[in-house]
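The values are calculated or read from the model by the stated rules, or taken from the named source; none is laboratory data. All values reported here derive from a predicted model rather than from experimental measurement. Methodologically, a virtual Cβ is constructed for each residue, glycine included, from the backbone with ideal geometry; neighbour enumeration extends over all protein chains shown. Surface accessibility is based on the protein's heavy atoms, side chains included, excluding ligands, DNA and RNA. Shrake-Rupley method; radii C 1.70, N 1.55, O 1.52, S 1.80 Å.
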Amino acid sequence: MNLDLNILLTQVSQTAKEIGSYLKNEQANLKQSAIEMKGLRDYVSYVDKEAEKQLVVKLKDYVSDAGFLTEEDTVEYEKKEYTWIIDPLDGTSNYVHDLAPYAMSIALMHKEEVILGVVYDPLADEMYTAIKNEKPRLNNNIISVTDKDEILNSFIGFGIPYDVTTEARNILSNTFKHFGNASFRLKGSAAIELCYVASGRYDAYFHSDLSAWDVAAGAFILQQAGGKVTDFRCGSNYIFGKELVATNSKLHNAIMKNIINLR
Ligand code: 2AM
Ligand code: CA
C-alpha cells in the first residue's frame, strides 16, 4: 500500500481539531463524579474513552487495515504493516483539574518506523505536525530546536512517574543535584513537552515510566526538527522502553552524562 502522507496529514489534523473541540467542551462541563482512577495518581474519564472511539473510527477510514495501539484499549492491538499509536488525551491529570496543557497524540508507524506525527493542544489551538522527510510545523509554520549547548541556564522539562518507587525517588532528588544550574518546568503532558523541545520552547525533556502512546508522535516531531531522542542508556528503545531523554541534540551528551547518574 502506498500512502500519500501529505493528504493523510491534512485528514488527521482536521480530525484532531474536531475531536480537540470535543475535549475542550467536555472539560468545561466535567463533573468530579465522572472521574475514575486507573491507578495511584492516574486519572481517566468517559472523555478519554469517547475521544479515543471517535478517533479510531476516523483513522480506520484513512488507512485501511492498520493496527492500533491505544491508551484506553477501546480497540484490540493486532500487528499490521501500519500501526496507529494514539493517546486521545495526554495530560489527563491537568484535564480533570481544569488545567492546561493537554493534547491528543497521534502517530503512524510503518513497520518499525514512525512516518507521521500529530500533537494537538486544543486550549492553545496549537497543532504540531510532521511527516517523514519534511520539516515539522506548528500551525503550519516550520519549527526547529534551540542551539543551547550547555546545561547552565538551559530550560528543561521533566515528569514524575505516578508510581514513585525508590528508583523514581532517586531520579527526582538526583535531578536537582546534577542539573542544579538549569531551570525546570513540569507541565504534565509528555506529548506536548516533546513538541516544546521541537519548537524551541524547551532545550530538553526527560521522563521515566512512559508508554508508547505518550511519546511516539512527539518524539518523531522532535527528530524532524533536528532534535535527538534516546532512552536513559543512550539507546534507541525510547518508544517502547518506557523512558526517554529528548534534547535539541547539541545538549544531548551533556544531559546523558548526568542521566546516567540519576539512579
Ligand atoms: P497521561 O496524562 O495520559 O497519564 C505526565 O507525567 C506525563 O507523562 C503525561 O503525559 C502522562 O500521560 C504521562 N505518563 C504516562 N505514564 C505515566 C506514569 N506511569 N507516571 C507519570 N506520568 C505518566
Ligand atoms: Ca498519555
Seminar exercise, completed: Note on the range 52-182: C-alpha Rg/Rh, Kirkwood Rh, two decimals, gives 1.02
Seminar exercise, completed: Taking the chain and counting helices only, DSSP H stretches of n ≥ 4 at -39,500 (n - 2.57) each over all residues, the nearest-500 ellipticity at 222 nm comes to -11000 deg cm²/dmol
For this session: Can you tell me the 0 to 90 degree angle between the C-alpha axis of helix 5-29 and the longest principal axis of the chain, rounded to 10?
Result: 80 degrees
Problem set entry | Residue pairs, from the table K79/K242; K38/K60; K53/K79; K17/K53; K24/K242; K24/K148, whose Cα atoms sit over 24 Å apart | K38/K60; K24/K242; K24/K148
For this session: Over the residues of the chain, compute the C-alpha Rg and express it relative to 2.2 N^0.38 Å.
Result: 0.96
Problem set entry | Spatial extent of the range 2-76: Rg and Dmax, with the Cα atoms as the point set, Å | 14.5, 46
Exercise. Tell me, what is the percent relative contact order of the range 1-95, built from C-alpha pairs under 8 Å that lie six or more residues apart?
Worked result: 23 percent
Problem set entry | Whole-percent carbon and sulfur share, accessible surface of the range 44-85, 1.4 Å | 43 percent
Problem set entry | Net charge of Cβ neighbours under 9 Å - reference K242; Lys, Arg +1; Asp, Glu -1 | -3
Seminar exercise, completed: For E112, the net charge from surrounding residues (Cβ-Cβ under 14 Å; K, R +1; D, E -1) works out to +2
For this session: Using a Gaussian network model of the chain whose springs link C-alpha atoms within less than 10 Å, name the residue from N94, N253, N29 with the highest mean-square fluctuation.
Result: N29
Seminar exercise, completed: Counting only DSSP loop positions in the range 44-111, the GluC sites (Glu not before Pro) whose Cβ has at most 16 other Cβ atoms within 10 Å are E76, E78, E81
Exercise. So what's the angle, to the nearest 10 degrees on a 0 to 90 scale, between helix 166-178 and the longest Cα principal axis of the chain?
Worked result: 60 degrees
Seminar exercise, completed: Ordering 120-126, 204-210, 181-187 by per-residue average of other C-beta atoms within 10 angstrom, highest first, gives 204-210, 120-126, 181-187
For this session: Pick out which of T166, T70, T15 has the largest mean-square fluctuation in a Gaussian network model of the chain, springs linking Cα atoms closer than 10 Å.
Result: T166
For this session: With a 1.4 Å probe and every protein chain left in place, work out the accessible area per residue of the range 1-146 in Å², rounded to a whole number.
Result: 49 Å²
Seminar exercise, completed: Note: the range 102-144 at 37 °C, 0.692 mPa s; Kirkwood Rh on alpha carbon pairs; Stokes-Einstein D in µm²/s works out to 303 µm²/s
Seminar exercise, completed: In degrees rounded to 10, the 0-90 angle between helix 212-224 Cα long axis and the longest Cα principal axis of the chain is 70 degrees
Problem set entry | Over the range 147-236 - Rg/Rh using Cα atoms and the Kirkwood inverse-distance radius | 0.94
